[in-house]
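In what follows, a structure is listed as structure tokens, so that the remarks can point back to it.
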Amino acid sequence: MTVNVSHTAEIQRLFNEAAGLNNDQGNPRVKAILLRIINDLAKVIEDLDITDNEFWFAVDYLNRLGGRNEAGLLVPGLGLEHFLDVLQDAKDAEAGLTGGTPRTIEGPLYVAGAPMGEGEVRMDDGSELDHATVMFLEGVVRDNQGRAVAGAVVDLWHANTQGNYSYFDKSQTPYNLRRRIVTDAEGRYRARSIVPSGYGCAPDGPTQECLNMLGRHGQRPAHIHFFISAPGHRHLTTQINLSGEAYLWDDFAYATREGLVGDITFVENPTAARERGVQGARFAELTFDFQLLQAPHVDAEQRSQRPRALQQA
């Protein structure tokens, strides 16, 4: 038999006190949110008859999740980061703000302050050229009228051939495979890099532990992350997942969306490779254009204030 006491006056007084409603200090918004969370969690405990062992396992799990810095990984894995995108899409549609390149999740691996170049950059440090495939990435940033946006900042980052990201992977040089590109007069950006690999959650980590209990894998297809920004335009957070990947439409982080698949082409041509400064015969090409929407207000030009890593000098 399930016993329900969370609705009683005694428990509601307890929760109100715990959430700070009995004082005029603190932050009213935080109080309201926390009160809702406490009440909803109490209902879960009651409705699902959560045992003490299950409850304290969950508390320990959260400690281990934070200890491995994987909270930002579990959130997309549970579909919550994708939910935020879908929710914002619905709000935009209601406000008549439709069109443009679709948004999708940022993920937990951005690092602020990457080197900036004008029009064209090289992203890799050359350390994997003995086995990596050189990739030439380019595209045009346009506005919602199809006009080129000069001076837009294309902030992009991706994994290496092992599925690892610089800064978090200390074996890589600072800002390897991370750059910012200012678009030229034609709105174009160009980058030479290497074809990234997809990756999986650490098999011994708490995120994969949770996914195992759900009967799910923790794999992602190869992908490239982007922030696109320009004065007068809405900031765009998105990523493109590469075509031909095994997990393209089975991304554990639910980031793949229609309109965000990068059609990568592999070229086997020694002459073309030599002309592009590539040793050997094989390289890859990827073209992807972006369309920005007009910013309805100045705050929309900026990315969210989500905490992010910053490379130390």
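The values are calculated or read from the model by the stated rules, or taken from the named source; none is laboratory data. These numbers were taken from a predicted model, which means no experiment stands behind them. Cβ atoms come from the backbone with ideal geometry, glycine included; neighbour counts cover every protein chain shown.
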> What are the residues in segment 254-283 that are surrounded by fewer than 16 Cβ atoms within 10 Å (Cβ to Cβ), among the hydroxyl-bearing types (Ser, Thr, Tyr) and touching an Asp or Glu at 6+ places or on another chain (Cβ under 8 Å), if any?
Replying inline: Thr265
> For Gln311, which of the numbered conditions (1) touching a strand residue (DSSP E or B) at 6+ places or on another chain (Cβ under 7 Å); (2) modelled with pLDDT of 95 or more fails to hold?
Replying inline: (2)
> Take the residues of segment 111-157 that are among the charged types (D, E, K, R) and outside any strand (DSSP E or B): which is surrounded by the most Cβ atoms within 10 Å (Cβ to Cβ)?
Replying inline: Asp124
>> I need the strands (runs of 3 or more DSSP E) fully contained in segment 162-236, keeping only those with at least 1 residues that are at negative phi and of a type in the set (S, T, N, Q).
In response: 188-194, 223-229
> Which residue out of Glu94, Glu17 is in the same structural domain as Asn164 (by TED's automatic domain parsing) and surrounded by fewer than 15 Cβ atoms within 10 Å (Cβ to Cβ)?
Replying inline: Glu94
>> With the requirement that a residue be over 21 Å from Ala19 (Cβ atoms) and either among the polar types (S, T, N, Q) or in a helix (DSSP H, G or I) (or both), what does segment 32-63 give you?
In response: Thr51, Asp52, Asn53, Glu54, Trp56, Phe57, Asp60, Tyr61, Asn63
> Before we move on, is Leu286 surrounded by 14 or more Cβ atoms within 10 Å (Cβ to Cβ), among the aliphatic types (A, V, I, L, M), assigned to a loop (DSSP other than H, G, I, E, B) and in contact with a strand residue (DSSP E or B) (Cβ under 6 Å, 6 or more places away or on another chain)?
Replying inline: no
>> Test of understanding: among Leu97, Leu78, which residue is in contact with a Pro (Cβ under 8 Å, 6 or more places away or on another chain) and under 19 Å from Thr238 (Cα atoms)?
In response: Leu97
